[in-house]
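Here, each number is a calculation from the coordinates, and none is a lab measurement. Just so it is clear, the structure is predicted and the values come from calculations on it, not from any experiment. Cβ coordinates were reconstructed from backbone atoms using ideal geometry, including for glycine residues, and neighbour counts include every protein chain displayed.
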Amino acid sequence: MEIPDYDKALYYTLWGQWDELLVLMVRTNDDMLSKKIQLFLHAYHYSPEQAKIIDSHDELLYYIDHAMKYTPPIAMEV
């Protein structure tokens with residue numbers, strides 16, 4: 001069974017596994033997820049402002065939550 005990218009992203013983000021999150025950013029087919037991960041990791045490593053890090057972390061979590069609620073039409077027909 002393959003674990004969806006959103007579940008992985010949520011797990012890695014909550015447990016602070018930044019290396020795994022970076023690998024997921026490169027491998028995922030979801031461009032928006034990849035960009036949100038990129039923005040968060042960049043802020044985490046390079047931003048001197050803690051507020052910017054927290055904002056990018058929250059934006060990543062909000063996107064993951066939003067994406068996990070979406071059910072593709074093909075899956076609904078089955």
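Figures for the structure shown
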item	result
Matching residues in region 21-32 - criterion: being outside any loop (DSSP other than H, G, I, E, B) and more than 15 Å from H45 (Cβ to Cβ)	V23, L24, V26, R27, D31, M32
Members of region 27-54 found to be farther than 18 Å from K8 by Cβ and among the small types (G, A, S), listed by number	A43, S47, A51
So Y63, is it within 16 Å of W15 (Cα to Cα), assigned to a helix (DSSP H, G or I) and among the hydroxyl-bearing types (S, T, Y)	no
Scan of region 5-33 for residues that are under 17 Å from D65 (Cβ atoms), without any contact (Cβ under 8 Å) to a residue 12 or more places away in the chain and not hydrophobic (A, V, I, L, M, F, W, C), ordered by number	Y11
Condition check for A43: touching a residue at least 40 places away in the same chain (Cβ under 8 Å) and of a type in the set (A, V, I, L, M, F, W, C)	no
